[in-house]
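Here the structure is laid out as structure tokens; the discussion comes afterwards.
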Amino acid sequence: MGTLTYFLPQVWFGILALFLFLYVMLDGFDLGVGILSLTASSEERRGILMTSLSNVWDANETWLVLMGGGLFGAFPLAYGTILNALYIPIFIMVFGFVFRAVAFEFREQAQRKFFWNFAFGAGSFAASLGQGFALGAVLKGIEVDEAGHFIGTTWDWLSWQSVLVALTLIQGYVLIGSTYLVWKTEGELQENHYRTAKIAAWTTLIGAILITITTPVFYQSAREKLFDPPLLYIFAIIPILGVLLIALLLKSLNNQEERAPFVWTILLFLLTFFGLALVVFPYIIPTEITIYEAAADPSGLVFMIIFIGALIPVMLFYNIYQYIIFRGKVTGGHYGE
């Protein structure tokens, strides 16, 4: 039982990290396209953008549902503490999800689409902003008592660090949304998103550099981990690989390749995610509660692994299958037909 108590929380940390990465990757371009829809110059172009999402966006968000359910079942203490501490950012995120979902459906039938167009874009921006604030607050740390319960204030999540993380995350979503549209569109619209992808690549890089510099400066726990061998060598390699991926991304955009920019962006997200996981582990609430302290009973963790183990292949197959079926260019904006 001692081995299970030590091993199972690590397994569930990996499973939740997988869910979170799949969500950020898939719904990230979804939210990025929604934000970019605010800049569309015509109703036809906006319709093409929304058509590119019409068959995939619902499935993309299921990974966030799995993430929430898995966190509740595997680390109930962390679930309760995080929701209590991040009530407002999570409310902003959920409000954005609801607004964009309603707008997506209502725009199809509306005679005057201006309000629903704005609602879809603003909802995408709000959801991204809420996620960024939540991520920034978790990385900063949540104030808890000896029992692991939140004892901070309502606005602890709001700081210049969380604002920086939120703005960088939004730029990252715009980047992956732009590269997705480069893949899915053609002609003048594709040319436009080559340009937005280049701009977003630079702004994302600037935000990532600022986060990389300020994290060890202002957070002692991160500084101790970052400068402690052998992790020091790993963390030294990550920024180098990040700059290399940005260079390859910009080169593929300059060469007007269609699929390569999306692939390089995904690898960039994966590298960033790997770095964050190394900084956070073994804490589920940095730097107060570890995965071992917050974990549920081992028998419950084993039961959930059996259930999730059967569900993950089904969901992966469904996601891959839908992208194969709906591959190719989007040439019209009639997503309701």
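The values are calculated or read from the model by the stated rules, or taken from the named source; none is laboratory data. Keep in mind the model is a prediction, meaning the values are calculated, not measured. For neighbour counting, all protein chains shown are included, and Cβ atoms are generated from backbone atoms with ideal geometry for every residue, glycine included. Only protein heavy atoms, including side chains, enter the accessible area calculation; ligands, DNA and RNA are left aside. Shrake-Rupley method; radii C 1.70, N 1.55, O 1.52, S 1.80 Å.
What percent does the relative contact order of the chain come to when contacts are Cα pairs within less than 8 Å and at least six residues apart? Numbers along the way, then the final one.
Values: 434 pairs, mean separation 88.8, N = 337.
The value is 26 percent.
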> Ranked highest first by the average count of other Cβ atoms within 10 Å around their residues, in what order do 170-179, 109-118, 9-18 fall?
Replying inline: 170-179, 9-18, 109-118
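Report the trypsin sites (Lys or Arg not before Pro) located in the stretch 244-337 that are in a DSSP loop and have at most 16 other Cβ atoms inside 10 Å of their Cβ, or state none. Kindly include the intermediate steps, with their values, before the conclusion.
On the way: sites: 251, 259, 327, 329; in loops: 259, 327, 329.
Sites meeting the loop and neighbour criteria: 259, 327, 329.
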> Whose amide H sits under 5 Å from the amide H of residue 289, counting only residues 5 or more places off or on another chain, with H placed in the peptide plane?
Replying inline: 284
> Taking the alpha carbon gyration tensor of the stretch 242-337, what are the square roots of 5 times its eigenvalues, largest first, to the nearest whole Å?
Replying inline: 36, 25, 11
> How high is the relative contact order of the stretch 144-210, given as a whole-number percent (alpha carbon pairs under 8 Å, six or more residues apart)?
Replying inline: 34
>> Could you identify which residue out of 305, 284, 237 has the top mean-square fluctuation in a GNM of the chain using Cα springs shorter than 10 Å?
In response: 237
>> For a quick check, take a GNM of the chain with Cα springs below 10 Å and name the residue from 180, 283, 194 with the largest mean-square fluctuation.
In response: 283
> Given that just one value was derived from the coordinates, which of (i) 122, 70, 36; (ii) 59, 39, 38; (iii) 62, 49, 37 is Cα extents along the principal axes in Å?
Replying inline: (ii)
> For the chain, modelled as a GNM with alpha-carbon contacts under 10 angstrom, which of 258, 293, 44 fluctuates the most?
Replying inline: 44
> In whole percent, how big is the carbon plus sulfur part of the accessible area of the chain, probe 1.4 Å, protein atoms only?
Replying inline: 70
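For the stretch 1-111, with every protein chain kept in place, what is the accessible area per residue (1.4 Å probe, Å²)? Mind dumping the intermediate values first?
Working: 4650 Å² over 111 residues.
Accessible area per residue: 42 Å².
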> Is the stretch 78-224 rounded, prolate or oblate when judged by the Cα gyration tensor, a ≥ b ≥ c being the square roots of its eigenvalues, rounded requiring a/c under 1.5 and prolate requiring a/b larger than b/c?
Replying inline: oblate
